[in-house]
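The values are calculated or read from the model by the stated rules, or taken from the named source; none is laboratory data. Just so it is clear, the model here is predicted, and its values are computed rather than measured. Ideal geometry is used to build each Cβ from the backbone, glycine not excepted, and the neighbour counts take in all protein chains shown.
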Amino acid sequence: MINQEIKTAFEAFERGGSIVRVEQFTAGLINATYLIETDKEEKYILQKINTFVFKNPAELMFNIVGVTKHITEKIKENGGDYKRENLNFLPCNTGEYYYRDENDGAWRMYIYVDEALTYNKPKNNDIFRSAGKTFGRFMKLLDGYPAETLHETIKNFHYTPARYENLLKAVESDIKGRKAMCEEEIKFVTDRKAYTHKLTDLIAEGILPLRVTHNDTKLNNVLFDIKTDKGICVIDLDTIMPGLSLYDFGDSIRSGGNKAAEDEADLSKVGIDLELFDVYVDGFLSETAKSLCDAEIENLAFGAKLMTFECGIRFLTDYLEGDVYFRTTHAEHNIVRARNQFRLVADMEAHMDEMNAIVMKYKEKYKN
Ligand code: GN1
Ligand code: MG
């Protein structure tokens, strides 16, 4: 039996065919994602947009459609295959790129990229190097995109000082009575307040440039070719906004450079894998070194630490607020994730010199 809500949403996109199979993908923590197979050849990804997180689907889809059309043009110029190397969103029966259902839910659909897969953890070094190249290429494709036309889909998304203030507010109100369980984690954060404004200060001083960035560069937001294991394209485009190259680099290391999954509870398994860090820097800088300024390259390792720290703050805040933001499967999920991220931050602190040395090695290799 096909769920009626999904069927109605799918039909609003008027692609014809009847659904024969629906599979839910649960790796993403925000939207609900379904693979739709019909009695015709084409397959689709149908997503119910999380409107608690993304309050304005019209603005969200305006960004995404603008950006993907731009990427298609670039791919055509380079003689590539835009049907495979980019996401192709579809309009629904109102002409909009999202469909509003009768309960005010918002849905969007794009053509499924077949013969591709995602990884939650890099299965080898080549996968992670290729992820670095793919995100680097993505940033290059968006170089010159008119950033001022983009809506801010989540306000202050990587503005770490605001994430810090939100945590303090959640601690203060302690609406779920969970504060007593996380005193140590709260102290971990307040001890490192200085991290929160380092990059935003450099933006304000004009030292770090804003670019159009992806902002959610988890490893599982890259599609890999099933045969070659090479990165094909980047998915999960909701948070494309003006941002720092360091955010994109940093969040990839946070998610894929961890020796363990982000929700591993056994903290002895958590840490920065320097070999994976090395290959990601290699892939990323091979595409971007010539366009990045020195201040960006010099702060890459710090960016990895900051993105991990910020994500830990967000998990901790959500735990204190009663798990209203991230998808969780058990009551401790967010605090486990927060502890994991803070352990990773501590491990990066212990290895910062080695991380910086790796960055400098590839700067030498690719910058000149
Ligand atoms: C969310 O949607 P997904 O799972 O790719 C989140 C990221 C976090 C990540 C942590 C819009 O990403 O910012 O880093 O979870 N996306 C949003 O796993 O908040
Ligand atoms: Mg995702």
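Entry remark, the stretch 1-53: residues being more than 16 Å from ligand 2 (Cβ to nearest atom) and hydroxyl-bearing (Ser, Thr, Tyr) number 5 in total. Scoring Thr308 on the criteria (1) part of a loop (DSSP other than H, G, I, E, B); (2) of a type in the set (Ser, Thr, Tyr); (3) within 12 Å of ligand 1 (Cβ to nearest atom) leaves a single failure, condition (1).
If we only count helices (runs of 4 or more DSSP H) wholly inside the stretch 137-249, which ones have 3 or more residues that are in contact with an Asp or Glu (Cβ under 8 Å, 6 or more places away or on another chain)? Ranges flagged: 160-173.
In this structure, Ala261 does satisfy being more than 22 Å from Tyr110 (Cα to Cα), outside any helix (DSSP H, G or I), within 14 Å of ligand 1 (Cβ to nearest atom) and modelled with pLDDT of 95 or more. Exactly one residue out of Glu354, Glu287, Glu349 is under 27 Å from Val212 (Cα atoms), part of a helix (DSSP H, G or I) and away from ligand 2 (no atom under 16 Å from the Cβ): that is Glu287.
Taking the criterion of being under 24 Å from the mean Cα position of the chain (by Cα), among the aliphatic types (A, V, I, L, M) and closer than 17 Å to Val270 by Cα, the residues of the stretch 340-368 that qualify are Leu344, Val345, Ala346, Met348, Met352, Met355.
For the stretch 30-51, the candidate set comprises residues that are surrounded by 16 or more Cβ atoms within 10 Å (Cβ to Cβ) and of a type in the set (A, V, I, L, M); within that set, the residue that is farthest from ligand 1 (Cβ to nearest atom) is Ile36. Scanning the stretch 195-242 for residues that are free of Cβ contacts under 8 Å to residues at least 60 places away in the same chain and within 22 Å of Asn120 (Cβ to Cβ) gives Asn215, Asp216, Lys218, Thr228. Determine, yes or no, whether Tyr82 is surrounded by 13 or more Cβ atoms within 10 Å (Cβ to Cβ), assigned to a loop (DSSP other than H, G, I, E, B) and modelled with pLDDT of 95 or more. For Tyr82, the condition - surrounded by 13 or more Cβ atoms within 10 Å (Cβ to Cβ), assigned to a loop (DSSP other than H, G, I, E, B) and modelled with pLDDT of 95 or more - is met. Can Asn56 be described as surrounded by fewer than 18 Cβ atoms within 10 Å (Cβ to Cβ), touching a residue at least 40 places away in the same chain (Cβ under 8 Å), more than 16 Å from ligand 2 (Cβ to nearest atom) and of a type in the set (S, T, N, Q)? So Asn56 fits the description; yes.
Quick check, is Asn299 within 30 Å of Asp174 (Cα to Cα), more than 16 Å from ligand 2 (Cβ to nearest atom) and modelled with pLDDT of 95 or more?
Values: within 30 Å of Asp174 (Cα to Cα): no; more than 16 Å from ligand 2 (Cβ to nearest atom): yes; modelled with pLDDT of 95 or more: yes.
So Asn299 fails the test.
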